[in-house]
Amino acid sequence: MSQTKLQASDLYSLEQYAKRRPDFRTQVMEHKKNRVVHIGPNATWIFEDRLTIQYQVQEMLRVERIFEEAGILEELDTYNPLIPDGANWKATFLIEFLDADERRVALGRMKGIETRCWVQVDNNDRVFAIADEDLQRENDEKTSSVHFLRFELTPTMVANAKAGAAISGGIEHEAYHHALAPVTDAVRAALVKDLK
C-alpha cells in the first residue's frame, strides 16, 4: 500500500488538534510500537509512514503555533519526504547514550555510521542506507545523534517481503557493529504495508 504525501487539508487546525491530541497521540504511539527496532544497545530506527509523519507535523505546528498557510506548507515540504514511496523504507535513526560525555566521545568515533546502516530481505543483497538527503548532519568532529535514512529496495526485494520473506538489518561500522535478527512478525507486517 503506497502512501500519499500529506496535504494541508489532511491536517487538523490548531484548535481541532488541541481537542484531539490525547486520542491521536495514543493512536500514534500504539501504531509506532511495530515500527521501532533497536540495533544493539545504542541505536534505534523508527520506520516512518504517513501517520507517524502526520503526528510529527501536527506537533511541530502546535509547538511553533503555526497556523498560516505558508508556514504549514513549509512543514509539509520538510516532512513529506520521510513518507515511504512504495519501494523503500524510511527511518529516523537515533544514536542514544544517557551520559553526555560518553555520547560526545561515541559520536566522534561514529562518523559515517549513517551510511553503514543496512536492511536485508531474505537472501537478497544488503541494502545500505541513503542518509540525510535533506541536510548534512555531520561535521569535522562528530556525527549527529539523529539521522534520516532511506532504504531503496529492488522489485524482487519488494515482492519477497510481500510474500513473507524475513527482514533483517544492522549497522556495519568500525565503532559500532550490530546485526538485528529477523524482525518480529508484527514489525514485518507493518513494514510490508509501506510497499506497493
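The values are calculated or read from the model by the stated rules, or taken from the named source; none is laboratory data. These numbers were taken from a predicted model, which means no experiment stands behind them. Ideal geometry is used to build each Cβ from the backbone, glycine not excepted, and the neighbour counts take in all protein chains shown. Heavy atoms of the whole protein, side chains included, go into the accessibility calculation; ligands, DNA and RNA do not. Shrake-Rupley method; radii C 1.70, N 1.55, O 1.52, S 1.80 Å.
Assorted remarks:
- Of all residues making up segment 67-100, the number that are over 24 Å from residue 34 (Cβ atoms), open to solvent by 20 Å² or more (accessible area, probe 1.4 Å), hydrophobic (A, V, I, L, M, F, W, C) and in contact (Cβ under 8 Å) with a residue 24 or more places away in the chain: 4
- Of residues in segment 37-55 being in contact with an Asp or Glu (Cβ under 8 Å, 6 or more places away or on another chain) and in a loop (DSSP other than H, G, I, E, B), the one surrounded by the most Cβ atoms within 10 Å (Cβ to Cβ): 49
- Just one residue in the set 168, 144 is in a strand (DSSP E or B) and hydroxyl-bearing (Ser, Thr, Tyr); that residue is 168.
- Where residue 151 falls short, out of the listed (1) under 21 Å from the mean Cα position of the chain (by Cα); (2) open to solvent by 30 Å² or more (accessible area, probe 1.4 Å): (2)
- Test: residue 123 is among the polar types (S, T, N, Q) and surrounded by fewer than 16 Cβ atoms within 10 Å (Cβ to Cβ): yes
- Taken over segment 166-185, the criterion of being closer than 21 Å to residue 34 by Cα and crowded, with 19+ Cβ neighbours inside 10 Å is satisfied by 167, 169, 170, 171, 180, 183.
- Segment 2-27 residues that are farther than 24 Å from residue 70 by Cα, paired with ones that are not basic (Lys, Arg) (beta carbon under 6 Å, 6 or more apart): 2/86
- Verdict on residue 58 being farther than 19 Å from residue 191 by Cα, open to solvent by 60 Å² or more (accessible area, probe 1.4 Å) and in a helix (DSSP H, G or I): no
- Residue in segment 124-133 that is nearest to residue 88 (Cα to Cα), counting only those that are outside any strand (DSSP E or B) and modelled with pLDDT of 95 or more: 129
- Only one of the listed residues (21, 109) is open to solvent by 30 Å² or more (accessible area, probe 1.4 Å) and in contact with a helix residue (DSSP H, G or I) (Cβ under 8 Å, 6 or more places away or on another chain). That residue is 21.
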